[in-house]
Amino acid sequence: MTKTTIVVAIGGTWDVPPWQEEFAKGANGRRVVFWPQDGVTEVAEPYVLCSWKAKPEAYGIFNKPKVVFSLGAGVDHLYAVRDKLNAPVVRVINSDLTVRMVEYVCLGVLFLHRQIGRHIQNQRKRLWPDLTQPAANDVRVGILGPGQLGGAAGRALQAIGYDVAGWARSPRPESAFPVYAGPENLDAFLARTQILVNLLPNTPETKGSVGRETFARLARMEGQGGAYFINAGRGETVAEGELVAALQSGLLAGAVLDVFNTEPLPAESPLWAMENVLITPHAAADSYPPAIVAQVMDTVERLERGAPLPVTVDISRGY
Ligand code: NDP
Ligand code: OXD
């Protein structure tokens, strides 16, 4: 059987050497080509194209892949080149990345609910105030986008005791927690939510969709001033100016933010200096090369033996 060549094209801010090392270990005798690092612009079929924010030329040069594999869970980096892909798109779905996101969301919810930001400020001032807070089962968390990552995060929050619900595009009857579906149920979802977790993908429908109107409709956390917001999905889904205003006005009592309209977050952003905001540098759930390469190799082996592919992405809808 002809072995599949693996073409890897990585752009953006990722460090390439750890991926070169991991593909060299995991390819099991298959040829691996890093573009543009290896200077190769022609490979014999069959091949797969593994991409993370690759320069658009990559899709013109390697235009007959069997599969395009997104090395991250998000596929918004492929949306602009969707007409050039000529192949099914497979994305990261694995327990390593999922658990990383679950950790982040639980951390964010606990950080906000337990007012850890205020405790840190008080510690610096050597103060000992009595900050009351409700028990987890009296706190209503809402997940925008209860898919692979949001579903797992919601179940972990339920295990702690939080009252969890989600909002998705379509009904999810199999979900462990109630899921409100579609624009017609968004108001009811927001009205019951005190801590809003955004895990929506960046698509034409979701771009800029979370803003003033969203925050104004949330339920407030009793005794803590306002509602809370966590964004670990994509910065583009949020109207960032409206988020800043909501944090300044107290509509939102605080936020934990991993993703932004522009990354790295520009030095002049008012978010940096806000005492009620915790910022992380798009680090909620990193793509860990050993775990991702294992999933790529599983996909390649399936292709080679003619087995069905794991779930593929509908790139025309953007996720
Ligand atoms: P999934 O595709 O599994 O889930 C997406 C969810 O969003 C689904 O529930 C889907 O609804 C919902 N959704 C999509 N469009 C709409 C819409 N227009 N209205 C309502 N709901 C909508 O994605 P994952 O859970 O795997 O990942 C989510 C996102 O997390 C990624 O797209 C990526 O952007 C981000 N991410 C961020 C990372 C970080 O480090 N910060 C790391 C990894 C991913 P339905 O169930 O009906 O399809
Ligand atoms: C991803 C990401 O989409 O790292 O996987 O943001």
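The values are calculated or read from the model by the stated rules, or taken from the named source; none is laboratory data. As the structure is a prediction and not an experimental result, all values here were calculated from the model. Cβ coordinates were reconstructed from backbone atoms using ideal geometry, including for glycine residues, and neighbour counts include every protein chain displayed. Just so you know, the surface numbers come from the protein's heavy atoms only, side chains and all, with ligands and any DNA or RNA stripped out. Shrake-Rupley method; radii C 1.70, N 1.55, O 1.52, S 1.80 Å.
Below, the figures for the structure above:
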read-out: Test for LEU278: is it assigned to a strand (DSSP E or B) and either more than 24 Å from TRP167 (Cα to Cα) or open to solvent by 50 Å² or more (accessible area, probe 1.4 Å) (or both); value: yes
read-out: Those residues of segment 57-92 which are under 24 Å from the mean Cα position of the chain (by Cα), open to solvent by 40 Å² or more (accessible area, probe 1.4 Å) and of a type in the set (Gly, Ala, Ser), in sequence order; value: ALA80
read-out: Matching residues, segment 188-201, being open to solvent by 20 Å² or more (accessible area, probe 1.4 Å), of a type outside the set (A, V, I, L, M, F, W, C) and within 16 Å of ligand 2 (Cβ to nearest atom); value: PRO201
read-out: Matching entry among ALA253, ALA284, ALA245 (being modelled with pLDDT of 95 or more, within 21 Å of the chain's Cα centre (by Cα) and surrounded by 14 or more Cβ atoms within 10 Å (Cβ to Cβ)); value: ALA284
read-out: All positions within segment 263-281 that are in contact with a Leu (Cβ under 9 Å, 6 or more places away or on another chain) and within 16 Å of ligand 2 (Cβ to nearest atom); value: LEU265, ILE279, THR280, PRO281
read-out: Hits in segment 137-161 - residues which are under 20 Å from TYR228 (Cβ atoms), within 12 Å of ligand 1 (Cβ to nearest atom) and in a loop (DSSP other than H, G, I, E, B); value: GLY145, PRO146
read-out: Hey, GLN20 part of a loop (DSSP other than H, G, I, E, B) and either in the same structural domain as PRO264 (by TED's automatic domain parsing) or surrounded by 12 or more Cβ atoms within 10 Å (Cβ to Cβ) (or both) or not; value: no
read-out: Residue satisfying all of: in segment 44-56; open to solvent by 20 Å² or more (accessible area, probe 1.4 Å) and more than 24 Å from the chain's Cα centre (by Cα); farthest from TYR319 (Cα to Cα) among these; value: ALA44
read-out: Residue list for segment 43-95, restricted to those being within 13 Å of ligand 2 (Cβ to nearest atom) and in a helix (DSSP H, G or I); value: ASP76, HIS77, LEU78, TYR79
read-out: Neighbours by Cβ (under 7 Å, 6+ apart or cross-chain): first from segment 83-104, under 20 Å from PRO46 (Cβ atoms) and among the charged types (D, E, K, R); second open to solvent by 20 Å² or more (accessible area, probe 1.4 Å) and part of a helix (DSSP H, G or I); value: LYS84/GLY60
read-out: Within segment 110-140, considering residues that are open to solvent by less than 30 Å² (accessible area, probe 1.4 Å) and out of contact with any helix residue (DSSP H, G or I) (no Cβ under 6 Å at 6 or more places or on another chain), the one farthest from ligand 2 (Cβ to nearest atom); value: ASN122
read-out: Selected residue (criterion: nearest to HIS113 (Cα to Cα)) from residues of segment 213-225 that are at pLDDT 95 or above and of a type outside the set (A, V, I, L, M, F, W, C); value: ARG220
read-out: Of all residues making up segment 205-226, the number that are closer than 23 Å to GLY147 by Cα, surrounded by 18 or more Cβ atoms within 10 Å (Cβ to Cβ) and of a type outside the set (A, V, I, L, M, F, W, C); value: 3
read-out: Residues of segment 296-309 satisfying the condition of being open to solvent by less than 50 Å² (accessible area, probe 1.4 Å) and either within 13 Å of ligand 1 (Cβ to nearest atom) or among the acidic types (Asp, Glu) (or both); value: GLU304
read-out: Members of segment 162-200 found to be more than 10 Å from ligand 1 (Cβ to nearest atom), among the aliphatic types (A, V, I, L, M) and in contact (Cβ under 8 Å) with a residue 12 or more places away in the chain, listed by number; value: VAL164, ALA165, ALA176, LEU190, ALA191, ILE195, LEU196, VAL197
read-out: Every residue from segment 263-275 that is open to solvent by less than 50 Å² (accessible area, probe 1.4 Å) and either not assigned by TED's automatic domain parsing to the domain that holds TYR228 or not in a helix (DSSP H, G or I) (or both); value: LEU265, PRO266, SER269, MET274
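Rundown of residues vs (1) modelled with pLDDT of 95 or more; (2) more than 28 Å from VAL99 (Cβ to Cβ); (3) within 16 Å of ligand 2 (Cβ to nearest atom); (4) surrounded by 24 or more Cβ atoms within 10 Å (Cβ to Cβ), yes/no style:
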site: GLY142; (1), (2), (3), (4): yes, no, no, yes
site: PRO178; (1), (2), (3), (4): yes, no, no, no
site: TYR228; (1), (2), (3), (4): yes, no, no, yes
site: THR237; (1), (2), (3), (4): yes, no, yes, yes
